[in-house]
Structures are given as C-alpha cells and as structure tokens.
Amino acid sequence: MESFNDIISGEGLTLVDFFATWCGPCKMMHPILEQLKEKMGDGIRIIKVDIDRNTETAQRYAVQSVPTLMLFRKGEQLWRQSGAMPLTSLLSAIGQFTR
C-alpha cells in the first residue's frame, strides 16, 4: 500500500481532500470532486484524508478547518484552499498547474 508521501510525490497532480465525516461542507464537496475527476480523468489523482483518523498528517500540514484541499506534484504543495468551493472555481485554481 502506498504511503501518503509516496502518493503526493508522484509526477502527476494529486489533490488531497482533508475532510471529516461529521463535516457538512465536506459532504458537499464529494460530488464536486467526482465531477472534477470526470473532467480531468488521468490528469489528476484525488485522495481523501480523514483528519480524525490521520491526525499526524493533518497536523503536519496544519489543517485547522475542513474541508481543506491541497494540490501536490512531486511532493511540492502547489496550492491550498480551505472551505467548500464550486467546481468552476476548483477547475480554475487547478488549471494553472496543468501542463
């Protein structure tokens, strides 16, 4: 099984969704992330990290509110945003990092 560091260190874009099961806005993001994957296909990898089950990772990245989205490539954090956002805003934010 790949570790978190293995995943975010990949060549391609990886979007990490730090979420909590009790979080309403996090639940709103789920279908938006599915739509993002449909639109971008293999151009992005999306992983979800439950902050209550992965407290060390959440602390390492100073996640203080959920949802928090972070975009990585080759282990480098390219972008970060807290709070739910519409698909158009998400596509716009990620679009500046696509090749």
Being at pLDDT 95 or above and either crowded, with 18+ Cβ neighbours inside 10 Å or in a strand (DSSP E or B) (or both) narrows ARG53, ARG45 down to just ARG45
Tell me whether the range 79-99 contains one or more residues that are without any contact (Cβ under 8 Å) to a residue 40 or more places away in the chain, farther than 19 Å from LYS27 by Cα and touching a helix residue (DSSP H, G or I) at 6+ places or on another chain (Cβ under 8 Å). yes
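Inside the range 56-68, can you point out the residues that are touching a residue at least 12 places away in the same chain (Cβ under 8 Å), aliphatic (A, V, I, L, M) and in a loop (DSSP other than H, G, I, E, B)? Outline the logic, then answer.
Step one: filter the range 56-68 for residues touching a residue at least 12 places away in the same chain (Cβ under 8 Å), giving 57-58, 61, 63-68.
Still in the running and aliphatic (A, V, I, L, M): 58, 63, 66.
Hits for the range 56-68 are VAL63, VAL66.
For ASP42, state whether it is at negative phi, over 12 Å from the mean Cα position of the chain (by Cα) and of a type in the set (D, E, K, R).
On the way: at negative phi: yes; over 12 Å from the mean Cα position of the chain (by Cα): yes; of a type in the set (D, E, K, R): yes.
In short, yes.
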Which of (1) in contact (Cβ under 8 Å) with a residue 24 or more places away in the chain; (2) under 14 Å from the mean Cα position of the chain (by Cα); (3) part of a helix (DSSP H, G or I) is the odd one out, the single condition LYS27 does not satisfy? (1)
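Assess whether ILE32 counts as being surrounded by 14 or more Cβ atoms within 10 Å (Cβ to Cβ), in contact with a strand residue (DSSP E or B) (Cβ under 7 Å, 6 or more places away or on another chain) and at pLDDT 95 or above.
Working: surrounded by 14 or more Cβ atoms within 10 Å (Cβ to Cβ): yes; in contact with a strand residue (DSSP E or B) (Cβ under 7 Å, 6 or more places away or on another chain): no; at pLDDT 95 or above: yes.
Here the answer is no, as ILE32 does not meet what is asked.
In the set LEU71, LEU15, which member is touching a residue at least 60 places away in the same chain (Cβ under 8 Å), among the aliphatic types (A, V, I, L, M) and assigned to a strand (DSSP E or B)?
On the way: LEU71 fails: touching a residue at least 60 places away in the same chain (Cβ under 8 Å).
After ruling out the rest, the residue left standing is LEU15.
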For LYS48, all conditions in the list (1) without any contact (Cβ under 8 Å) to a residue 24 or more places away in the chain; (2) touching a His at 6+ places or on another chain (Cβ under 9 Å); (3) not aromatic (Phe, Trp, Tyr) hold save one; what is the number of the exception? (1)
All positions within the range 2-11 that are in contact (Cβ under 8 Å) with a residue 40 or more places away in the chain, in a loop (DSSP other than H, G, I, E, B) and exposed (fewer than 14 other Cβ atoms within 10 Å of the Cβ): GLU11
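The values are calculated or read from the model by the stated rules, or taken from the named source; none is laboratory data. All of these numbers come straight from a predicted model, not from anything done at the bench. Because the Cβ atoms are built from the backbone with ideal geometry, glycine has one as well, and the counts that use them run over all protein chains shown.
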